[in-house]
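The values are calculated or read from the model by the stated rules, or taken from the named source; none is laboratory data. The structure displayed is predicted, hence computed values, not measured ones. Here the Cβ is made from the backbone with ideal geometry for all residues, glycine too, and neighbour counts use every protein chain on show. Keep in mind that these areas ignore ligands, DNA and RNA; they rest on the heavy atoms of the full protein, side chains included. Shrake-Rupley method; radii C 1.70, N 1.55, O 1.52, S 1.80 Å.
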Amino acid sequence: YGAKKRLSVVLLYDPALDSSSAQTLSLLGDLRRALEHGELRLYLQPKVALQAGDGVAAEALLRWQHPQRGLVPPMEFIPFAEQTGFVRHLTLWVFEQVAALLGQSGAREMVLRVSVNLSTRDLLDPDLSLRLGAILARYAVDAGSFCLEITESAIMDDPQRAEAMLNRLAQQGFKLSIDDFGTGYSSLAYLKRLPVNELKIDKSFVLGMQSGGGDAQIVRSTIDLAHNLGLTVVAEGVEDAALMERLRAMACDEAQGYHISRPMPADQFFGWHAGPGAAFVAAP
Ligand code: C2E
Ligand code: MG
Ligand code: MG
Ligand code: MG
């Protein structure tokens, strides 16, 4: 028995592996604690109409109020959470926070719809649609008050399963959006089959519009493509007034970016007013 025990210790001991898996375990433990001890924060960033007629929407963006590290941005823990599968807990937390907000009286007069980001792991969870449905029922809100944002790369991880799940979510009444459009490797022929409502042009193209390296042409053709497919098109990364005006002139439907507002803690969102550049000004 002693020899066997020693052998397994030898086999398991790989210093490189050891330190990285120890780090993984501790970050995973930290994330669990974050969820259980209320360290996660829901931020909302407005999305405004550039053409007349629509109201203000918002995107839910996750932050982690870490006791030592301060406010941690999602890129420092979401990719890790995706690798470990823990992201599914984070998604449900975000979705439930948004459902609770939308379930409050008067919320729907302030915001048309809230977008929630989904990861590959969410899309491949066969129970996703049931889990979201249970939360909707608990807060008495409609699926149509939500837009689910999925990146091209999340879909392309397993296109067949993703397509099946997207069809289910669309049937359930959710609006669907392709996030970071143009950065993935999906084919247009494939995207055309998906039941999506919206394309979000990645901010790298929007921010590049000023430098004349072809990004403005990419943005223009994406807007035309979206409209030809009957989709709404949103530009993210709108950092200044000139960009916003160019996008409006290109018939882009909606804009999101620092020029309009940075993401803000969810409880501040309902006191926020769109500036004069937006087609719609939220009522007080
Ligand atoms: P995303 O879904 O593409 O979200 C847009 C990101 O662009 C946000 O970064 C937002 O703060 C940033 N942004 C908005 N306007 C501007 C602008 O004018 N200029 C610039 N430079 N950036 C702008 P954030 O909040 O750091 O989130 C980064 C990414 O993390 C998100 O990209 C999304 O992929 C992921 N993420 C955030 N929250 C969640 C979540 O709840 N679930 C999942 N699965 N992913 C999330
Ligand atoms: Mg997004
Ligand atoms: Mg995006
Ligand atoms: Mg992005």
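Annotation note: Cβ proximity below 9 Å between a residue of the range 162-181 that is under 13 Å from Pro126 (Cβ atoms) and a residue that is modelled with pLDDT under 95 and among the β-branched types (Val, Ile, Thr) (sequence gap 6+ or interchain) occurs for Ala162/Thr120; Ala162/Ile155.
Go through the range 187-259 and tell me which helices (runs of 4 or more DSSP H), entirely inside it, have 1 or more residues that are within 16 Å of ligand 4 (Cβ to nearest atom).
Values: elements: 188-193, 203-208, 215-228, 241-249.
Ranges flagged: 203-208, 215-228.
Arg131 meets all of the listed conditions (1) among the basic types (Lys, Arg); (2) over 13 Å from Gln172 (Cα atoms); (3) surrounded by 15 or more Cβ atoms within 10 Å (Cβ to Cβ) but one, namely (2).
Name every residue in the range 172-186 that is hydroxyl-bearing (Ser, Thr, Tyr) and assigned to a strand (DSSP E or B), in order of residue number.
So the first thing to find is which residues in the range 172-186 are hydroxyl-bearing (Ser, Thr, Tyr), and the list is 177, 183, 185-186.
Across the range 172-186, the qualifying residue is only Ser177.
Could you grab me the full set of residues in the range 129-145 that are assigned to a helix (DSSP H, G or I) and of a type in the set (Gly, Ala, Ser)? Ser129, Gly133, Ala134, Ala137, Ala143, Gly144, Ser145, listed by residue number.
State which residue is nearest to the chain's Cα centre (by Cα) when the search covers only the range 99-128 and only residues that are of a type in the set (Gly, Ala, Ser) and assigned to a helix (DSSP H, G or I). Within the range 99-128, the match that is nearest to the chain's Cα centre (by Cα) is Ala99.
Of the numbered criteria (1) modelled with pLDDT of 90 or more; (2) open to solvent by less than 70 Å² (accessible area, probe 1.4 Å); (3) not basic (Lys, Arg), the one Gln217 fails is (2).
I'm trying to understand the selection: among the residues of the range 42-83, which are of a type in the set (D, E, K, R), crowded, with 17+ Cβ neighbours inside 10 Å, more than 13 Å from ligand 2 (Cβ to nearest atom) and not in a helix (DSSP H, G or I)?
Initial filter on the range 42-83 (of a type in the set (D, E, K, R)): 47, 54, 59, 63, 69, 76, 82.
If we keep only those that are crowded, with 17+ Cβ neighbours inside 10 Å as well, we get 47, 54, 59, 63, 82.
Imposing the further condition that a residue be more than 13 Å from ligand 2 (Cβ to nearest atom) reduces the set to 54, 63, 82.
The answer is Asp54, Arg63.
The single condition from (1) open to solvent by 30 Å² or more (accessible area, probe 1.4 Å); (2) within 16 Å of ligand 2 (Cβ to nearest atom); (3) free of Cβ contacts under 8 Å to residues at least 40 places away in the same chain; (4) among the polar types (S, T, N, Q) that Thr91 fails is (1).
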